[in-house]
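Engineer: I'd like to ask you about the structure that follows.
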Amino acid sequence: MNNLVTAGFLAVAAWLTPFCLTADEPDTAVFTGHKEEVYSVACSPDGKFMASASSDKTIIWDAATRQEVATLQTVHFVCFSPDSKILVSSGADNTLRFWTLDSRTEIGTLKGHYGDFHVVCLASDGKMLASANRQDNTIKLWNVETKTELATLRGHKHRINTLAFSPDGKLLASGGDTQGPAMPGGLRLWDVTTRSESATLDKHPYTGGASAVAFSPDGKILASGHSGGGITFWDVAAGKHMSGIKGHGQFGGINALCFRPDGKVLASASRDKTIKLWDAVSNRELTTLKGHEGAISSIAFAPDGKGLVSGGYDRTVRLFNLAGRREQMTLKAHHVYVSAIAFSPDGKWLAAASGDYKLKFWEPANPGEPAKADSGLMRCVAFSPDGRLLAAGGFDRTIRLYDAASRKELAALKGHSDTVRSLGFSPDGKLLASASTDKTIKIWDVATRKETGALRGHADDAASVAFSPDGKLLASAGYDKVVKLWEVVSRREIATLKGHSRYALSAAFSPDGTTLATGGADGVIKLWNVAGQNERAALQGHLGSVRSVCFSPDGRTLASGGYDRTVRLWDLASQKEYAILKEHEGGVHCVCFAPDGSALASGSADGTVRLWNWK
C-alpha cells in the first residue's frame, strides 16, 4: 500500500475552537460520506473547515456542525494554506489545483510532473510548495504566489513516498522506496535555499524504504517511518541516527507520522489499521487508537494536542478525542497473561506476576526494560507495608518472599496443598494471609516465616483475601459464592455475606474500613457495610466476571477489572459508573491504584500492564 499523505500536510493540518475537545465528549467521531478509500484529510488553521480526499470526491466539512458543506472533484491529496483562504488539491489528472475556500472557485493550476502529483506539502509560511510523483522520481519546488516552478530536485532512484518541510522552511525531507529492504538512498534532506541535497540518511536498523517523515516542532528531530514497520529518530543537525522503535511490527508498515504540537508525543498510522502514540523522548508506546477497519493513510493533531483526526481505506474519517482517553502508558509485560500487579508502598516500583515464570519490576516514573526475578508459575503478588518484602504465590503451592530491593528470594513458605490464589500483608506488616484453591486461608508470621493458623469455612476455592485498614478483620471471597469476615486475633469467622450468584472472586476494603467491595463471576460488584454485615449496593456494568476490585486512596472511586476486557471506574458517592477503559485485548485480571492515587494500573490476559491517568 502506498503512502498518499505527507508530513508536510501534517505540519499545517490543524483546527481551533470548533474542534476543541473535552473529556466529556465521545472517544471517536466518525465521518461517513465517501464510497472509496480516504487518502488524505486536512483541517483549516482557523478551525472552520475540514477536507477529506478520496478517489470518489473531495468533501469539505463544517468543523462545528461536522456536516458536509461542499464537494469537489476526485483528488488524492488536500491541504489548506496557513491563512485558511486556499485549499490545495492534487489528483490523477497530473494537475495541482488551488481553490478559494469561501466560494470553492478554482483560481490556479500547476503542471510539471510526468504523471500525477502523488505527494505534496506546503512550507509553514505558505509561500513554497514541494511535490513528487510516482513516475519520474523527482521533487519539484514551486512558488505558490506566482504558480511557477522554482527547481527540480533529483537523487531518488525509486518512487518518492513522502515529503516534509522543516518548521523554519530551510530544509525539505523526502522519503522513498529502495531497491532492497536494507538498501541506502530512501531518506534524504535537501537545502531549500541552494536547491541541493544536504544529507542521505541511511544507517538505521529497520527494513524497507521511507514511507513517512515528520519534523519535530522545534525542527531538531526528524522521524521516519518505514514500510517494514519501524520508526527511526534522526538528529537533523548532525544527520545521524539517534534511536528507533519497532513500531507496528513487520506487517504494520507506517503510512503517516505526526508530532503533537508540544513535541512530546509522536503519532504513527499504519497498514495494521491502528494509530499508536509514542513518548518522543523515551520511545515507549503510550496507547493504541483503534476503530478503522482498513489501513490508515493520514493523521494530524489538534493544535492543543487533545484531538487527532485520521483518514483511512475503510472510507471513513475519524476524530479521536484524546482529552477523554485515560491511558498514559503500556508496559509490554509478559508473553502470556498477567495475573497480578502491585505497587510498592512508596510508589516507585510496580511488580507484575505472570504465567511465564517471571516476576517483573518497573519504575513507573522512568519505565524501560524491567528488572526480573525467577519464580514459579505465579498467580499473586503483594508488597509488605514497609516496601522491603515482596510476596508471590502460585501454582507450585508455595509462597516466596523476596527482598524487594535485590529481588533475591529469602524464603519459601509451604503449607498449601493447591494453588495460592491471593496474598495480603496486615497493615503492620507482621502477618501475611494467603488464599488457596485448597479451600483454606492461611496466616503466616512474617518474621519467623511460620504458619500461625489456617482458616477453614469455604466450601470451594478461596479466591481472594484482604486485611481491613486497622488489621482487625480479614475478608475472604470464594468459589462457594460467599464472602467471609474473620477476626484476626481469634482466627474466628464472624460473618458470612451472601449475595453473589456465582463465584466470589475478589475483595477489597475501603481506606476507612467501613465498606468492603467484592467482585464476582456474575459480573456484579457488591458493596458491603462492614459494621452492619449487610449489602449496601450492587454495581452492574461488566459483561463478564469481575476479577479484581480496588479503592482509590481517597476512597471516592472504585476500580474494577473484568473478563469483558474493560477497566471500569465507579463514583462511590453516587454508586454510578463514570468511565470505561477499553484498551486491553484480553480479560483484565488485576487492577491497583498507585499509593498516591496518581495512576491506576491494570494487568491482562493480553500480556500487558497498562497505566491510566484515571482522574
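Engineer: Go ahead and collect, in residue order, the members of the range 448-479 whose backbone nitrogen is under 15 Å from a label point 7 Å along the Cα-Cβ direction of D386.
Structural biologist: What the label zone holds, given the 15 Å backbone N cut-off, is 448-449.
Engineer: Same structure, new question: Peptides 535-547, 589-601: what's the order by average Cβ count within 10 Å, highest mean first?
Structural biologist: Highest-to-lowest ranking by the protection proxy: 589-601, 535-547.
Engineer: Once you put a point 7 Å from the Cα of Q540 and another 7 Å from the Cα of R492, both along the Cβ direction, what distance in nm separates them?
Structural biologist: Modelled inter-label distance: 3.8 nm.
Engineer: In nm, give the distance between the simple-model label positions of S196 and A405, each being 7 Å from the Cα along the Cα-to-Cβ direction.
Structural biologist: Between S196 and A405, the simple spin-label model gives 6.1 nm.
Engineer: Of all the accessible heavy-atom surface of the chain, with the other protein chains kept in place and a 1.4 Å probe, what percent is carbon and sulfur?
Structural biologist: Carbon-and-sulfur percentage of accessible area, whole number: 47.
Engineer: Which aspartates and glutamates, if any, have their Cα less than 13 Å from the Cα of K170, not counting same-chain residues under 8 positions apart?
Structural biologist: In chain and number order, the partners are D125, D191, E197, D218.
Engineer: Next up: Can you give the extra length, in nm with one decimal, that the chain gains between D83 and A29 once fully stretched, where that is 0.36 nm per residue apart less the Cα-Cα distance?
Structural biologist: The D83-A29 span can extend by a further 16.8 nm.
Engineer: Another one. If contacts are Cα pairs under 8 angstrom and at least 6 residues apart, what is the relative contact order of the chain in percent?
Structural biologist: 8 percent
Engineer: Quick one: if you stick a label point 7 Å off each Cα along the C-beta vector at K414 and K111, how many nm between them?
Structural biologist: 8.7 nm
Engineer: Which aspartates and glutamates does K360 reach when only Cα atoms under 13 Å apart count, and residues fewer than 8 places away in its own chain are ignored?
Structural biologist: Excluding near neighbours in sequence, the set is E369, D374.
Engineer: If you roll a 1.4 Å probe over the heavy atoms of the protein chains, what accessible area per residue do you get for the chain, in Å²?
Structural biologist: 38 Å²
Engineer: Going through the range 214-291, which chymotrypsin sites (Phe, Trp or Tyr not before Pro) have at most 15 other Cβ atoms within 10 Å and a DSSP loop state?
Structural biologist: Answer by residue number: F251.
Engineer: Give me, ordered by chain and number, the residues 5 or more places off L455 or on other chains with an amide H under 5 Å from its own placed amide H.
Structural biologist: Amide H to amide H, under 5 Å and 5 or more residues apart or across chains, L455 pairs with I441, K442, I443.
Engineer: Sticking with this structure for a sec: Assuming R0 = 51 Å, can you tell me the calculated FRET efficiency for the pair K246 and A459, based on Cβ-Cβ distance, to the nearest 0.05?
Structural biologist: That pair, K246 with A459, gives E of 0.55.
Engineer: Okay, next question. Pairs of Cα atoms under 8 Å, at least six residues apart: use those to get the relative contact order of the range 531-615, whole percent.
Structural biologist: Once normalised by length, the contact order is 22 percent.
Engineer: Give a quick list of GluC sites (Glu not before Pro) in the range 560-592 that DSSP marks as loop, anything other than H, G, I, E or B, with at most 14 other Cβ atoms within 10 Å.
Structural biologist: For GluC sites (Glu not before Pro) across the range 560-592 that sit outside H, G, I, E and B with at most 14 neighbouring Cβ atoms in 10 Å, the list reads E585.
Engineer: Excluding residues fewer than 8 places away in the same chain, name every one of the aspartates and glutamates whose C-alpha is closer than 18 Å to that of K111.
Structural biologist: D93, D136, E145, E149
Engineer: Further question: If you place +1 on the Cβ of every Lys and Arg and -1 on the Cβ of every Asp and Glu, how big does the dipole about the Cα centre of the chain come out, in debye to the nearest 20?
Structural biologist: Value, rounded to 20: 1020 debye.
Engineer: Sticking with this structure for a sec: Could you work out how far the C-alpha centroid of the range 431-488 sits from that of the range 209-256, in angstrom?
Structural biologist: Cα centroid of the range 431-488 versus Cα centroid of the range 209-256: 53 Å apart.
Engineer: Can you list residues whose amide H is under 5 Å from I86's amide H, if they're 5+ apart or on another chain and H is modeled 1.01 Å from N?
Structural biologist: Amide H neighbours of I86, under 5 Å, 5+ apart: S81, L101.
Engineer: Express in nm, to one decimal, how much length is gained between S574 and S598 on full extension, taking 0.36 nm for each residue of separation and deducting their alpha carbon distance.
Structural biologist: Between S574 and S598, full extension yields an extra 6.4 nm.
The values are calculated or read from the model by the stated rules, or taken from the named source; none is laboratory data. Nothing here was measured: the structure is a model prediction, and the numbers come from that model. When we count neighbours, we look across all protein chains shown, and the Cβ atoms used for this are built from the backbone with ideal geometry, even at glycine. Just so you know, the surface numbers come from the protein's heavy atoms only, side chains and all, with ligands and any DNA or RNA stripped out. Shrake-Rupley method; radii C 1.70, N 1.55, O 1.52, S 1.80 Å.
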